[in-house]
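The values are calculated or read from the model by the stated rules, or taken from the named source; none is laboratory data. The structure displayed is predicted, hence computed values, not measured ones. Using ideal geometry, Cβ is built from the backbone for each residue, glycine included, and neighbour counts are taken over all protein chains shown. Side chains included, ligands, DNA and RNA excluded: accessible areas come from the protein's heavy atoms. Shrake-Rupley method; radii C 1.70, N 1.55, O 1.52, S 1.80 Å.
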Amino acid sequence: MKNAFLRSFAMICCHHATGVELQTTRLESLHYKGGLPPRGSSFITVANYDGVKEVRIEICEKLSSKVPDDIAPVTTLIRSCKKKLKYLHLSLRPSMAYHSSLLADAVRGLPLRQLGLKGCLREGHAVRSVAVLLRETKNLEVLSMFPLGQPQKK
């Protein structure tokens, strides 16, 4: 997508997306909601990651059966926005605990001021994974947590 003045971009319910290339240099906000992108994909490529201040990622599929390489496109995107990323919202289902060490590595050193987390917190390991994320966000001013119950079987 080429638009020099695009400041915000959202992909909602994109369960079969393979990747997006944004050629704008003024992008400040990214929002993705859908399934995990294909392993090894570039997911979302931005011409100027340095301007991105806000990232919202909502993964709608279970992460418990995924391997680290499956999560890599998401963590790479977060790490790429390292200069000005102030707000990060992660919605991971059913639990944010799976792959929490990968997410902690991704947020380490980011200038985050606001962190939003949405997921299940029913087990002790889920609570510990939140603590790990908080330990890595040294400049955090606002924490928003949206705990979910266990998903109902269909």
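Observations on the model:
- Residues 145, 11 ordered from highest to lowest accessible area at a 1.4 Å probe: 145, 11.
- A simple spin-label model places pseudo-atoms 7 Å from Cα toward Cβ; at residue 83 and residue 144 they are separated by 2.6 nm.
- Applying 1/(1 + (r/R0)^6) with R0 = 22 Å to the Cβ-Cβ distance of residue 127 and residue 64 gives a FRET efficiency near 0.85.
- The heavy atoms of residue 127 offer some 90 square angstrom of accessible surface to a 1.4 angstrom probe.
- Highest-first arrangement of 32-41, 69-78, where packing means the average Cβ count within 10 Å: 69-78, 32-41
- Between residue 134 and residue 45, the modelled labels are 3.9 nm apart [label points 7 Å from Cα along Cα→Cβ].
- Across region 28-70, the residues whose backbone nitrogen lies under 17 Å from the label position 7 Å along the beta-carbon direction of residue 105 are 39-41, 66-70.
- Exposure check, 1.4 Å probe, all protein chains in place: residue 65 carries approximately 90 Å² of accessible surface.
- Relative contact order, whole percent, for region 24-74 stands at 52, derived from Cα pairs under 8 Å and 6 or more residues apart.
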